[in-house]
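The values are calculated or read from the model by the stated rules, or taken from the named source; none is laboratory data. From a predicted model like this one, the values you see are computed outputs, not experimental measurements. As a convention, Cβ positions derive from the backbone with ideal geometry for all residues, glycine included, and neighbour counts pool all protein chains shown.
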Amino acid sequence: MVMADTRVVEILNLFKRFDELVVLDDISLNVNLGENLVVFGQSGSGKSVLLKCIIRLMKPDKGKIYINRNDVFKLSIKELNNIRKNIGFLFQGAALYDSMTVRENLSFPLKRHFPEMTIDQINGKIKTALENVSLEEAIDKMPSELSGGMKKRIGLARSIITDPALMLYDEPTTGLDPITSKEISELILTLQKKLNMTSIVVTHDLICAEIIADRAIFLRDSKIAFEGKIKDLTSSNDPFLKNFFSHELIKV
Amino acid sequence: MKLPRIIYGRRLSYADYIYNFFATISGLTIFNLEFFKQAFMPPYEVREVKKHMDELGVKTFGIVSVTGFIIGLVLAMQSQPVMQRFGASDFLPGMVSLSVVRELGPVITALIFAGRVSSGIGAELGSMRVTEQIDAMEVSAINPFKYLVVTRVIATTMILPVLTIYVIFIAIIGGYLAIIITEPMSFEYYRSSVIQSIEFGDFIPAVAKTFVFGYIVGLVGSYKGFTTEGGTEGVGRASTTSVVLSSLLILIFDMILVKISLWLWPTLG
């Protein structure tokens, strides 16, 4: 019997450098269907670069990335966009469009990708997305009227409104207080279960990782220094990892 | 579209400045070619173009009205004593209107427009770039160049000629007011003198070149905003350099276009 290939994202021997600074050095990893992978690492260790390479916002110097067996860097823009329609991306600063209200931010991808949708259907989708992030009252607000946590939630609502199969999160809880951070992490997990998504979460927040992660990797010196379960990562005898997680463990 | 990177920093060498000069020229050329490649491909963002035209019109209406009125007024006030000294007061309406139509109206409107609009586009797209809004658009499979740049460049190209015609009209009115302060002249006489002295050949090349000026304002602002890097400092830089570069290009292209129009319509000389 042939086993079904469940790899959604496959990264092979990825290299990326900025001038003399090597940020990704021979990174290879797979993410399977329905899995939540957490990417740990210090600030500047190349976590966000990895995420941006996956969605082709950046081009690596070497290596290949496959999404559903499509070589991301060999696709035409049209083919790439067809794949991107099935991917959600939550940016570190939420990246809400300043000139649009929350409603317009959410309807923007829908109107573009589903021109056949009626106004009622679009409004229905917006309502559900806002209910999912518990921010129905913010519908007519401008992004400048929202707090950091609210922006993250709306950013999350915008990312999931097209029902993506793959979600990429860039530091979803950075800059938030521990309670909001926990709420956002639980929200991500709930949505992932509800919508059956595959996720890659870049973070250095252990609380967030413990809630979300099925598997974790740790980037150090541009390489994958650890790959496995979160428990094994936090109980590792490696002095660097011990030191990295000690502060977080005290909090937990 | 791959654009050459500009070198930023507090201590740039002469070689860096020379590199930046050529990088900007080649970047603008690539940006320009990309505009023509994408402007004719569907989807045509007609609603966005209309929205930007509305905004730009409203934003600049006040300032160009005042500017236009003052240009006409000052030009007539300055020229009146000289014309009187040479006994050529009758030619004053013609002189004011010809100066305003052929050069002052189009160029000053374009420079005011560059100051108001190019900096605005540079700052707006620049802040969208540094806050990852342009990346967000790209990962949502929406073409940010088409949605943000093409629409703005079309809007500036279309709206500047309209504003210029309006400024010319206001400046001619301003000229009349300056004249009647010191000497009596009927509006009917002023109007017929103006109409007699302006030919179609004066008007068409003057307005035609404002399409080019409008295009420059939109393209330079968008290029500077789209290629912003370096956080809020970069946004400020994009805004300022947009105005400087677009004003400079407007004056250079004015020189070139005047030469071309004199070559095409030798009677203008």
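Values for this structure:
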| quantity | calculated |
| --- | --- |
| Test for residue B:156: is it modelled with pLDDT of 95 or more, more than 14 Å from chain A (Cβ to nearest Cβ) and crowded, with 20+ Cβ neighbours inside 10 Å | yes |
| Condition broken by residue A:101, with the remaining ones in (1) buried (at least 21 other Cβ atoms within 10 Å of the Cβ); (2) away from chain B (no Cβ under 12 Å) satisfied | (1) |
| Residues satisfying the stated conditions in the stretch A:104-116, i.e. closer than 19 Å to residue A:134 by Cα and at the interface with chain B (Cβ under 10 Å from one of its Cβ atoms) | A:105 |
| 2 or more residues at pLDDT 85 or above and under 16 Å from the mean Cα position of the chain (by Cα): qualifying helices (runs of 4 or more DSSP H) within the stretch A:178-234 | A:178-195, A:206-212 |
| Unique match (being without any contact (Cβ under 8 Å) to a residue 24 or more places away in the chain and either of a type in the set (S, T, N, Q) or touching a Gly at 6+ places or on another chain (Cβ under 8 Å) (or both)) among A:101, A:118 | A:118 |
| Leading residue by the ranking (farthest from residue B:2 (Cα to Cα)) among those in the stretch B:118-153 that are β-branched (Val, Ile, Thr) and within 11 Å of chain A (Cβ to nearest Cβ) | B:131 |
| Residue satisfying all of: in the stretch A:41-93; polar (S, T, N, Q) and assigned to a helix (DSSP H, G or I); farthest from the other protein chains (Cβ to nearest Cβ) among these | A:48 |
| Residue among A:43, A:28 that is in contact with a Leu (Cβ under 8 Å, 6 or more places away or on another chain), in contact (Cβ under 8 Å) with a residue 12 or more places away in the chain and exposed (fewer than 15 other Cβ atoms within 10 Å of the Cβ) | A:28 |
